[in-house]
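Each value in this text was obtained by applying a stated rule to the coordinates, not by laboratory testing. Here the structure is a predicted model, which means the values were calculated and not measured. Note that each Cβ is placed from the backbone with ideal geometry, even for glycine, and that neighbours are counted across all protein chains shown.
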Amino acid sequence: MSALCKPSGSIDTTEHSLEKISHWREEVRYSFTMDEKSDVTVLFGGFTILQDRLIADALQSLGENYVALPNPDFESFQMGKMYGNRGQCNPTYFTVGNLVKYLQKLRDEQGMDTEKIVKKYLFVTAGGCGPCRFGMYITEYRKALRDAGFEGFRIMSFDQGKGIYQAVDEPFAMNFSPKFFITLIKAIVIGDIINNLGYKMRPYEVVKGDTDNAIETCRTIMAEAFMKKKNLVLAMRRCRHELDKVALERLQPKAKVMIIGEFWASMTQSDGNYNLHRFLEEEGVECVAQPVYNRLYMNIWEAEQELMANQSFSKEGQPKLDFSLFKSKVAILGAKAALSAHIKLYAKAIGLSDYKIPDIDMLARMSKRYYPTESNGGEGHLEVAHLIEASEQNLAHLVLSVKPFGCMPSSCVSDGIQSLVASRFPSIGFLSVETSGEGAANFYSRVQMALYKAKQAAKDEFDTIVIPKKTPQHIYRFWYQPKTNKAGTAASLIASV
């Protein structure tokens with residue numbers, strides 16, 4: 001009988017019995033070899049709808065067989081809860097449930113054999129960091145897939161903190177090369193720019209649906225450019241002409257709501273945040289969404305801080321000139337410069353000649369008084385910094401922090417630290433809301449109450465502006481984005497002329 005099975009009072013504490021007790025470790029022996037690569041479809045998902053589709057096109061242009069999962073819905077959430085353990089965070093339930101739902105449709109609707117599905121498909125995702133449990137849920141994914149009848153289905157991951165420098169064992173068919181990640185980032189950046197234009201245009205479109213139709217045309221243009229390896233800058237210029245066809249009435253006082261919070265909950269365009277962006281637009285609000293590339297800048301900044309910390313510690317026998325650290329510093333500076341250059345290039349091509357790129361160092365300085373920047377779990381100091389920035393620079397009428405149920409790092413910031421920050425910067429409204437899958441009614445009710453004050457603030461701001469008798473036509477064009485001290489788009493446009 002083992003020590004753990006002995007009755008009370010007779011536990012075996014001998015050295016022999018203690019040697020048998022060890023920390024549990026998951027031993028995954030899944031492989032993905034070059035021989036099977038041509039027959040395997042790699043599933044992924046988790047960005048915005050447009051970005052998932054652009055990423056699939058971009059990676060397929062490299063000869064990779066990537067397919068984006070459908071947008072997760074409430075049924076995906078229920079599926080995740082059915083097969084997953086209790087107490088997981090909201091993004092995990094939606095993600096694993098969406099995967100299980102997709103595989104079940106292959107089996108039940110398309111008649112594909114389970115063994116063939118396990119052999120012909122795999123799922124790739126990013127690992128997490130710090131107190132964020134999302135990246136540690138790959139074990140939970142495997143448990144849910146096993147219970148759903150897909151024992152042995154492969155889940156692959158890459159380290160989001162290592163960027164293009166991924167450690168892989170040979171022979172490994174997953175292409176985590178620099179070219180792979182550069183192409184991936186191009187698709188993400190282009191998707192961010194087009195998405196943000198959609199948020200700026202939809203609230204002011206004369207004919208409902210015109211903006212979405214133009215964006216779908218842009219997606220087709222960019223997909224063709226990726227697949228046929230055409231010039232992406234020229235393709236973005238073609239997108240400008242399509243977007244310029246959308247008639248806009250921009251002199252309407254609409255509240256501006258900045259959406260921040262946990263990465264997935266604030267970014268997704270699905271039931272995962274109760275389709276928040278569309279809900280706000282139906283309420284007559286303009287959304288200010290955080291682009292995905294903010295997270296890329298954050299990863300680069302964290303790598304830079306870690307490098308600086310390593311430099312401050314002298315090790316015995318370490319040479320005075322450590323060329324490995326110098327090489328890492330050059331790589332970090334190069335990554336930052338390359339990302340900024342691509343953002344500016346694509347933004348200018350589509351018509352935004354002065355597109356704002358986040359100053360991640362400034363954001364860190366802003367938040368340092370309230371949040372220890374050395375703590376890099378979840379969104380780290382970005383949530384705090386965005387609220388301060390929105391207040392000091394008058395970027396919005398309301399800041400909405402969205403967090404999923406069960407998210408430890410985001411709840412700590414939005415429910416704790418942000419309360420103090422909001423009291424120190426009362427010029428802007430702040431609301432922290434939680435998504436749990438089933439709580440849409442409560443979520444919408446709380447947001448609507450906060451919107452009342454935001455809408456009134458937007459109207460009061462607009463009423464202080466004297467509207468000229470004749471307004472220039474360019475203020476109705478999407479590419480004209482003036483920078484003034486006004487938060488609302490309409491007030492800013494009038495103030496600029």
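Given a cut-off of 19 Å, name the pairs among LYS256/LYS455; LYS336/LYS368; LYS256/LYS459; LYS208/LYS486; LYS120/LYS229; LYS336/LYS483 whose C-alpha atoms lie farther apart than that in the structure shown. If you can, show how the numbers build up before the last one.
Values: LYS256/LYS455 8 Å; LYS336/LYS368 22 Å; LYS256/LYS459 11 Å; LYS208/LYS486 26 Å; LYS120/LYS229 27 Å; LYS336/LYS483 25 Å.
Flagged as over cut-off: LYS336/LYS368; LYS208/LYS486; LYS120/LYS229; LYS336/LYS483.
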Tell me, what is the percent relative contact order of the chain, built from C-alpha pairs under 8 Å that lie six or more residues apart?
-> 16 percent
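Might you report the magnitude of the Cβ-based charge dipole of the stretch 181-243 about its Cα centre, with Lys and Arg at +1 and Asp and Glu at -1, to the nearest 20 debye?
Details: 11 positive and 7 negative charges, 62 e Å.
The dipole magnitude comes to about 300 debye.
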Put +1 on the Cβ of each Lys and Arg and -1 on the Cβ of each Asp and Glu in the chain; which of TYR204, LEU69, SER427 then has its Cα farthest toward the positive end of the dipole?
-> TYR204
Roughly how big is the stretch 244-396's charge dipole about its Cα centre, with Cβ charges of +1 (Lys, Arg) and -1 (Asp, Glu), in debye to the nearest 20?
-> 580 debye
Give the cross-link partners of LYS81 among the aspartates and glutamates, using a straight C-alpha distance below 17 Å as the criterion and excluding same-chain residues fewer than 8 apart.
-> ASP73, GLU140, ASP147, ASP271, GLU438
Highest mean first, what order results for 351-364, 379-392 on Cβ atoms within 10 Å?
-> 379-392, 351-364
Taking the chain as the reference, fit the longest principal axis to its C-alpha atoms, fit the long axis of helix 382-392 to the helix C-alpha atoms, and give the angle between the two in degrees, 0 to 90, nearest 10.
-> 10 degrees
Could you give the length gained on full extension between GLU64 and THR41, defined as 0.36 nm per residue of separation minus the Cα-Cα distance, in nm?
-> 7.4 nm
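Treating the beta-carbon of each Lys and Arg as +1 and of each Asp and Glu as -1, no other charges, what is the dipole magnitude of the chain about its Cα centre, to the nearest 20 debye? Show your work: numbers first, answer last.
On the way: 60 positive and 57 negative charges, 298 e Å.
Using Cβ point charges on Lys, Arg, Asp and Glu, the chain gives about 1440 debye.
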With Cα coordinates, the longest principal axis of the chain makes an angle with the long axis of helix 74-83, in degrees rounded to 10, of 20 degrees
Among SER411, PRO482, TYR293, whose Cα lies farthest out toward the positive end of the dipole of the chain, if unit charges sit on the beta carbon of Lys, Arg (+1) and Asp, Glu (-1)?
-> PRO482
In nm, spacing of pseudo-spin labels at LYS229 and TYR480 (7 Å Cα→C-beta vector) | 4.2 nm
Quick one: if you stick a label point 7 Å off each Cα along the C-beta vector at ASP354 and LYS116, how many nm between them?
-> 5.9 nm
At R0 = 30 Å the Cβ-Cβ FRET efficiency linking SER340 and SER177, nearest 0.05, sits at 0.85
